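Asker: This structure is in structure tokens; I'll ask about it shortly.
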């Protein structure tokens, strides 16, 4: 499992005690962008049309995220299990990643968005790799939002690779550092399903989970704001007692 060098920032979150802590202005949100295929099928369109509309939903979400207090956004673009899908769909997705990174690079630079890609790279199309490298390098100074695209990503594989790198010298803190990303504060899944699907399993240990029936292509700024409102309405206790019980 090869990981981008852009995965090492902590985004202001500390893990020194193995317990996630974050401030209101350094939130890590993760999104499982689900429902593209079903959205397309309901409209009599090919699945790839749903993926194209999903790319526009990602643009809207990236634009809205900083104003909602999100400093890091990790999105599940293509899981390692998605290689099992029909080859024409996989090929179309890889072309879309190429196009998205090329098209959005200048806008990300202008808007202070840093882009990183996490996941394996040895199975990606050869022509996609330099596009990823160029986008990561060009946006490395972005400080408004860190956008991480999970492509050919499996959390189980990432955890296994991190443990092997530690060579028997693993602690919670070292494993978190080896994985390279901060703990997730809120995980949002669109499309109505309620499961994690091998996405950021370690990092989501204390994440608040928000599930919405909205299909990903229909997801927009208002939906993200609603999800963040739900997140902020909850009391995060990290295993401790509620504040009311301590009064």
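The values are calculated or read from the model by the stated rules, or taken from the named source; none is laboratory data. All values derive from a computational prediction rather than experimental measurement. Neighbour counts run over all protein chains shown; Cβ positions are idealised from the backbone, glycine included.
Asker: Here are the criteria: (1) touching a strand residue (DSSP E or B) at 6+ places or on another chain (Cβ under 8 Å); (2) buried (at least 22 other Cβ atoms within 10 Å of the Cβ). Tell me which single one residue 215 does not satisfy.
Answerer: (1)
Asker: Tell me which of these residue 25 doesn't satisfy, since it passes every other one: (1) out of contact with any helix residue (DSSP H, G or I) (no Cβ under 6 Å at 6 or more places or on another chain); (2) at pLDDT 95 or above; (3) over 21 Å from residue 162 (Cβ atoms).
Answerer: Here residue 25 meets the rest and fails (2).
Asker: Test residue 9 against the criterion of being surrounded by 15 or more Cβ atoms within 10 Å (Cβ to Cβ), within 14 Å of residue 151 (Cα to Cα), touching a strand residue (DSSP E or B) at 6+ places or on another chain (Cβ under 8 Å) and modelled with pLDDT under 95, and give yes or no.
Answerer: no
Asker: Go through segment 165-206 residue by residue and tally those that are closer than 21 Å to residue 81 by Cβ and either at pLDDT 95 or above or surrounded by fewer than 20 Cβ atoms within 10 Å (Cβ to Cβ) (or both).
Answerer: So the answer is 19.
Asker: Out of segment 50-75, which residues are in contact with a helix residue (DSSP H, G or I) (Cβ under 6 Å, 6 or more places away or on another chain) and farther than 13 Å from residue 219 by Cβ?
Answerer: 51, 68
Asker: Quick one: which helices (runs of 4 or more DSSP H) sit completely within segment 94-184 and have at least 3 residues that are closer than 17 Å to residue 77 by Cβ?
Answerer: Answer list for segment 94-184: 128-138, 155-166.
Asker: Mind checking which residues of segment 186-238 are without any contact (Cβ under 8 Å) to a residue 24 or more places away in the chain and either in a loop (DSSP other than H, G, I, E, B) or farther than 19 Å from residue 70 by Cβ (or both)?
Answerer: Once the filter is applied, which keeps residues that are without any contact (Cβ under 8 Å) to a residue 24 or more places away in the chain and either in a loop (DSSP other than H, G, I, E, B) or farther than 19 Å from residue 70 by Cβ (or both), segment 186-238 yields 194, 195, 213, 233, 235, 237.
Asker: Inside segment 43-81, can you point out the residues that are without any contact (Cβ under 8 Å) to a residue 60 or more places away in the chain and not in a loop (DSSP other than H, G, I, E, B)?
Answerer: 47, 48, 49, 51, 52, 55, 58, 59, 67
Asker: Of the numbered conditions (1) farther than 17 Å from residue 155 by Cβ; (2) buried (at least 22 other Cβ atoms within 10 Å of the Cβ), residue 92 satisfies every one except a single condition; which is it?
Answerer: Condition not satisfied by residue 92: (2).
Asker: Output the residue which, of all residues in segment 118-157 that are buried (at least 17 other Cβ atoms within 10 Å of the Cβ), free of Cβ contacts under 8 Å to residues at least 40 places away in the same chain and out of contact with any strand residue (DSSP E or B) (no Cβ under 7 Å at 6 or more places or on another chain), is nearest to residue 82 (Cα to Cα).
Answerer: The selected residue is 128.
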